[in-house]
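The values are calculated or read from the model by the stated rules, or taken from the named source; none is laboratory data. Keep in mind that this is a model prediction, so the values were computed, not measured. All Cβ positions, even for glycine, are placed from backbone atoms using ideal geometry, and neighbour counts span all protein chains on display. Calculation scope for accessible area: heavy atoms of the full protein, side chains included, ligands and nucleic acids excluded. Shrake-Rupley method; radii C 1.70, N 1.55, O 1.52, S 1.80 Å.
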Amino acid sequence: MKDFDHLMSVWQGQPKQDQLSVDEVLKQVKKGMRGITNQLYWGIVAMVAVLGLTFIITVFFAFQWLTYIGLLIMLITMLLYAVLIVRNYRILKKHDATLNPNEYLQDLKEYQKNRAKIAGWFYYIFVMLISLGLALYFVEILRNASTAYRAAVYSFTIIWFLFLTLYYKKRIFKNEEEKLNLMIERLERLQGQFE
């Protein structure tokens, strides 16, 4: 019986988990989501601008067929990526966290799953297709350029894509994933308080 009393005193002496303030959690979640949705919004704006520029180059300039294939590959790839980020943006803007936190939590989990796909295999396919399109585009564009200039352009392009793939991708997606995990954890803790 003495062991049971000791166990009870230890159990009762444990610090209780802090109760989260509903207003504070929802305010923090809205602030965090505002940052993510702003990032998505500007990504959409940039993608539309690049799509527009690529379309204008494709339509208003005369190229050989290989260059058109490269431009078409880039256009289709960028269009697919634009559709994905618009879809993710709509998922996040669909519900307000303050109106129904449970639905919002489910939307965040769906968004997290979609972003994991983009951060995974789709990103590498995207970079590979854009690289292929640029390579085909550069064949004609750099045909009359000096060897040194062609080597510089190709080297810079390769270094840029390696930087985006090996460094920038990990940093951006990891930062967003940490913010998203924190918001999901807070909403789950808040949901657990009311169960």
Item to complete: Estimate the FRET efficiency between ILE44 and TRP65 by the formula 1/(1 + (r/R0)^6), using the beta-carbon distance for r and 41 Å for R0, to the nearest 0.05.
Response: 0.85
Discussion item. Please compute the length gained on full extension between LEU80 and TRP121, using 0.36 nm multiplied by the number of residues separating them and subtracting their Cα-Cα distance.
Written reply: 13.4 nm
Practice prompt. Rounded to whole Hz and in sequence order, give me ³J(HN,Hα) for segment 71-77 from the Karplus expression 6.51 cos²θ - 1.76 cosθ + 1.60, θ = phi - 60°, writing x for Gly and Pro.
Written response: 5, 5, 4, 5, 4, 5, 5
Worksheet item: What are the ³J(HN,Hα) values, in whole Hz, obtained from phi via the Karplus relation 6.51 cos²θ - 1.76 cosθ + 1.60 with θ = phi - 60°, for each residue of segment 102-118 in sequence order, with x given for Gly and Pro?
Response: 5, 5, 5, 4, 5, 5, 5, 5, 5, 4, 4, 5, 5, 5, 5, 5, 5
Discussion item. Please enumerate, by chain and number, the lysines with C-alpha under 18 Å from the C-alpha of LYS113, excluding those fewer than 8 residues away in the same chain.
Written reply: LYS93, LYS94, LYS169, LYS170, LYS174, LYS179
Worksheet item: What order do LYS27, LYS117, LYS169 take when sorted by accessible area (1.4 Å probe), most exposed first?
Response: LYS27, LYS117, LYS169
Worksheet item: Per-residue accessible area for LEU72 at 1.4 Å probe radius, Å² rounded to 10?
Response: 100 Å²
Worksheet item: Where only protein heavy atoms count, and the probe is 1.4 Å, what is the accessible area per residue for segment 56-195 in Å²?
Response: 63 Å²
Worksheet item: Between ARG34 and THR165, what is the spin-label point distance in nm, taking each point 7 Å from the Cα along the Cα→C-beta axis?
Response: 3.8 nm
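Could you calculate the FRET efficiency of ILE57 with ASN102 from 1/(1 + (r/R0)^6), where r is the beta carbon distance between them and R0 is 35 Å, rounded to 0.05?
E(calc), rounded to 0.05, equals 0.15.
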